[in-house]
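The values are calculated or read from the model by the stated rules, or taken from the named source; none is laboratory data. Owing to the predicted nature of the structure, the values given are computational and were not obtained by experimental measurement. Heads up, the Cβs are rebuilt from the backbone with ideal geometry, glycines too, and the neighbour counts pull from every protein chain shown.
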Amino acid sequence: MAMRHSVVTDNKRCRGCTSCIKCCPTEAIRVRGRKATILPDRCIDCGNCIRVCPHKAIKSVGDSMDILKEYEYCVALPEPALYGQFHHLDNVDVVLNALLKIGFHKVYEVAKAAELLSDYERQSIKQGPPAVTPRISSSCPTVLRLIRMRFPKLMDHVADTILPMELAAILARREAAEETGLPPERIGVFAIVPCSSKVTAARVSEGLSRPVLDGAFAIRDIYLRLLGPMRELEEVEPMSSAGIMGLGWASCGGESTARLGERCVAVDGIENVIRMLEEIEDGRLPEADFLELSACTQGCVGGCFTVENPYGAKMRMKGLMKGQPVSRNRFTLEGADRDIVRRDKQLQYLPTFVLDHDREMAISKQRRIQELESHLPGLHCGSCGAPSCHAFAEDVVLGRASVDDCIFKVRERMRTMAGKEEADDYLPPPFRRCQTDTSRR
């Protein structure tokens, strides 16, 4: 069964411009019949296509606030990136108090869970180096899915910890059950997230066999609901439970800083992440102990669900950290409870790019793809609706496209039928042969 992704297309807005197919890091988008379609098994919910679509035809969808009505007691889990969206905010408590005004009964900061994870990692470092280095952060669901799909050899490098929002959900539900006496299933726990990949992760966890969240709301939707209540607050009760280390997770480099390690590398942007993973796979980065990889520019503050420019949001986060304690939380759980921060299932390879489960058939298809690709122009123009000539050849062999979808193949057929060079006139100007080429023929 295909995964339910949060990145979707709007056919009414889509004009088939092919802007999206070039930016997808896993070649998950095709344009057919002047409409963009997403191959669900290849999508990693990175949101790149959302940013580049000039017609706003690709969007990411979080849960509706109406879902709160299904539970007797609702807990909000705000990601620290939320705080960086508000101009002139000098107190996180203003946001936390306002969340109680829009339908939530309790607030548990994801930044607090981030500090617990950071302390757990610091304790692990003291116990000795990991078996495999460099360790790769497990905090970005997009990166996790990318590794499972394109870099399966690096799955052993990924840290075995769960997402901060998942740890926050587990601890928040426990606290709410103790405070209210309600059974856990009647308590709704909802994350307020900066990106589409975390909405998907709330539905299908990469590291847990069962999801621990009941839903996820986009920061941009909650932002609009909070503006009024934040202005109307008469008293602000102290609610913040995280310090500099927890708030720092909002931007790239924050997790590395919280580990207090010296040989850490922080990388943001999906293209840079892919380049870094390729270098690790080739064994060209042996000196680093830890890699913090964020699919979005500047980390979570640059997610596709955010409102503000990521650089401005990062600046505001730095302002909020001033005067805060370094950390307010320590990981003190012992025994079986200590494993609460660890995945309960192993990362599994996603055979997305497997041509056929039968080896002989896969080899045969690969040869046909190579043969067809050798007869294509190699311009990767995208006019066929695929991001590259190789992807188009693969689509043809797998039955997702026809050879005639390539405009250059159509030109060849017209030449054969008409026996004239004027077939070039039917191509867009950038692809027509110049006069010198014509004279050579």
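Against the test of being over 22 Å from Tyr73 (Cα atoms) and touching a Phe, Trp or Tyr at 6+ places or on another chain (Cβ under 6 Å), the options Leu227, Leu247, Leu277, Leu208 yield a single qualifying residue, Leu277. Scanning segment 28-41 for residues that are surrounded by fewer than 19 Cβ atoms within 10 Å (Cβ to Cβ) and outside any strand (DSSP E or B) turns up Gly33, Arg34, Leu39, Pro40, Asp41.
For segment 320-335, the criterion of a residue being at pLDDT below 95 and more than 29 Å from Pro78 (Cβ to Cβ) is satisfied by at least one position. Of the set (1) farther than 18 Å from Arg328 by Cα; (2) within 24 Å of the chain's Cα centre (by Cα); (3) in contact (Cβ under 8 Å) with a residue 60 or more places away in the chain, all apply to Arg275 but (3). Could you tell me whether segment 102-121 includes any residue that is of a type in the set (Val, Ile, Thr), within 24 Å of the chain's Cα centre (by Cα), more than 23 Å from Ala313 (Cα to Cα) and in the same structural domain as Ser196 (by TED's automatic domain parsing)? No: segment 102-121 contains no residue that is of a type in the set (Val, Ile, Thr), within 24 Å of the chain's Cα centre (by Cα), more than 23 Å from Ala313 (Cα to Cα) and in the same structural domain as Ser196 (by TED's automatic domain parsing).
Just wondering, is there one or more residues in segment 67-80 that are in a loop (DSSP other than H, G, I, E, B) and of a type in the set (A, V, I, L, M, F, W, C)? Within segment 67-80 (the criterion being in a loop (DSSP other than H, G, I, E, B) and of a type in the set (A, V, I, L, M, F, W, C)), the answer is no, since none of the residues qualifies. For Val52, the conditions (1) touching a Cys at 6+ places or on another chain (Cβ under 8 Å); (2) buried (at least 18 other Cβ atoms within 10 Å of the Cβ) all hold with the exception of (2). Evaluation of Val75 against the conditions (1) over 23 Å from the mean Cα position of the chain (by Cα); (2) surrounded by fewer than 20 Cβ atoms within 10 Å (Cβ to Cβ) shows that the sole unmet condition is (2). Against the conditions (1) surrounded by fewer than 20 Cβ atoms within 10 Å (Cβ to Cβ); (2) small (Gly, Ala, Ser); (3) closer than 17 Å to Val143 by Cβ, Ala250 satisfies every one except (1).
Within segment 9-27, residues that are at positive phi sit with their Cβ atoms under 9 Å from residues that are in a helix (DSSP H, G or I), at 6+ positions apart or across chains, in these pairs: Glu27/Ile21; Glu27/His390; Glu27/Ala391; Glu27/Glu394.
When Gly16, Gly33, Gly47 are checked against the criterion of being under 26 Å from Glu109 (Cα atoms) and not hydroxyl-bearing (Ser, Thr, Tyr), Gly47 stands alone in meeting it. Contact annotation: residue pairs with Cβ atoms under 9 Å, 6 or more positions apart or on different chains, pairing a residue in segment 66-79 that is in contact (Cβ under 8 Å) with a residue 60 or more places away in the chain and assigned by TED's automatic domain parsing to the domain that holds Glu179 with a partner that is of a type in the set (D, E, K, R) and in a strand (DSSP E or B), are Tyr73/Lys106; Cys74/Lys106; Val75/Lys106; Ala76/Lys106. Note on segment 278-301: residues that are assigned to a loop (DSSP other than H, G, I, E, B), small (Gly, Ala, Ser) and touching a residue at least 60 places away in the same chain (Cβ under 8 Å) amount to 2.
Results for (1) assigned to a loop (DSSP other than H, G, I, E, B); (2) buried (at least 16 other Cβ atoms within 10 Å of the Cβ); (3) touching a residue at least 40 places away in the same chain (Cβ under 8 Å), shown as yes or no for each residue.
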{"position": "Lys112", "(1), (2), (3)": "no, yes, yes"}
{"position": "Gln123", "(1), (2), (3)": "no, no, yes"}
{"position": "Gly128", "(1), (2), (3)": "yes, no, no"}
{"position": "Met165", "(1), (2), (3)": "no, yes, yes"}
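Of the residues making up segment 352-394, those that are farther than 20 Å from Arg413 by Cβ and in contact with a Pro (Cβ under 9 Å, 6 or more places away or on another chain) are His357, His380.
In segment 130-163, the residue that is nearest to the chain's Cα centre (by Cα) out of those that are under 27 Å from Val75 (Cα atoms) and assigned to a loop (DSSP other than H, G, I, E, B) is Cys140. In segment 114-121 there is no residue matching the filter, namely being assigned to a helix (DSSP H, G or I), modelled with pLDDT under 95, out of contact with any strand residue (DSSP E or B) (no Cβ under 8 Å at 6 or more places or on another chain) and under 18 Å from Val212 (Cβ atoms). Filter segment 308-356 for residues that are hydroxyl-bearing (Ser, Thr, Tyr) and crowded, with 16+ Cβ neighbours inside 10 Å; which is nearest to Ala201 (Cα to Cα)? Filtering first and then ranking leaves Thr352.
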